[in-house]
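The values are calculated or read from the model by the stated rules, or taken from the named source; none is laboratory data. Being a predicted model, the structure only gives us computed values, none of them experimental. Cβ coordinates were reconstructed from backbone atoms using ideal geometry, including for glycine residues, and neighbour counts include every protein chain displayed. When the accessible area is computed, the model is the full protein with side chains, heavy atoms only, and any ligands, DNA or RNA have been set aside. Shrake-Rupley method; radii C 1.70, N 1.55, O 1.52, S 1.80 Å.
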Amino acid sequence: MSGSRQENTEQNPFTRPGFIISAALILAIVAAGIVIFSVPRGSTEAQPPGNPAAPDATSNSAPASGLEESVCGLPQSEGTALGVAPQTTWVLQDGMAVPSDPSTVGPGTTNSNGLKSCFAHSPAGALYSAANIWATSFYGDATLVYQDLTADSPARDAALQAIKAGKEIGGGSAPKMQIQGFIIRSYSPQTAVVDLAVKTETGALGSLSASLVWEKGDWKLEPPAAGGNPFRQIPDMGSYIPWAGV
């Protein structure tokens, strides 16, 4: 049984160094100046975000039935879309600019180890969470993401078993990149899918997708299925809402 779980861990891109960016991919990006991303199963070309809605507005209304309140007391929103770029403060994490609005959207908590968590139960909160999770996984400590920012799942259990066994999780290098825009592909009080448009230091454009689950009062990253990959190349920013810190 344990052998099978270990095999699944090795096959799941979520459990590879830097999550899913391999050394070969990094070399291709640096040497060729292009980004070659694998498309997740069932993915298609980027589609324009449906009917843009008014910007997400937070409120102190009661959380949706059966769902936990924000673990750090951030307000929630009943909105389900984010049609314009939110105004925010951008902070640098090892050179990558990430959004920060601790009192209303998040991160509401920063631990002594630097891990940022607790994002508002809203489309904007899901967006901020996705940006900060990817920054931490690439340029911070990927092990902490597995331990504290990942939704309960067999993939997470397998990764934690590997950590206990002393195996290196994450820690791979990643090309420097900056957020350029976003799409909220889907949103409900329980789940959200957020696509971030990113530009590498070579000028190549790519899309970085995060599936999130509202769990234990915060947004958690849902590991991609075996064979899935949240990266893909995009030709331009046509379908994304521009949003960048640098």
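Here are some notes:
- Heavy-atom accessible area, probed at 1.4 angstrom with all protein chains present, ranks Asp148, Asp195, Asp94, Asp101 as Asp94, Asp148, Asp101, Asp195, highest first.
- Apportionment of accessible area to carbon and sulfur, segment 91-246, percent (1.4 Å): 50 percent
- Put a dot 7 Å past the Cα of Leu67, heading toward its Cβ, do the same for Ala244, and the two dots end up 3.2 nm apart.
- Heavy atoms of Arg185: accessible area, 1.4 Å probe, square angstrom to 10: 90 Å²
- Local net charge near Asp218, Cβ-Cβ under 14 Å (Lys/Arg +1, Asp/Glu -1): -3
- Taking 7 Å steps out from each Cα toward its Cβ at Thr191 and Asp94 produces label points 3.0 nm apart.
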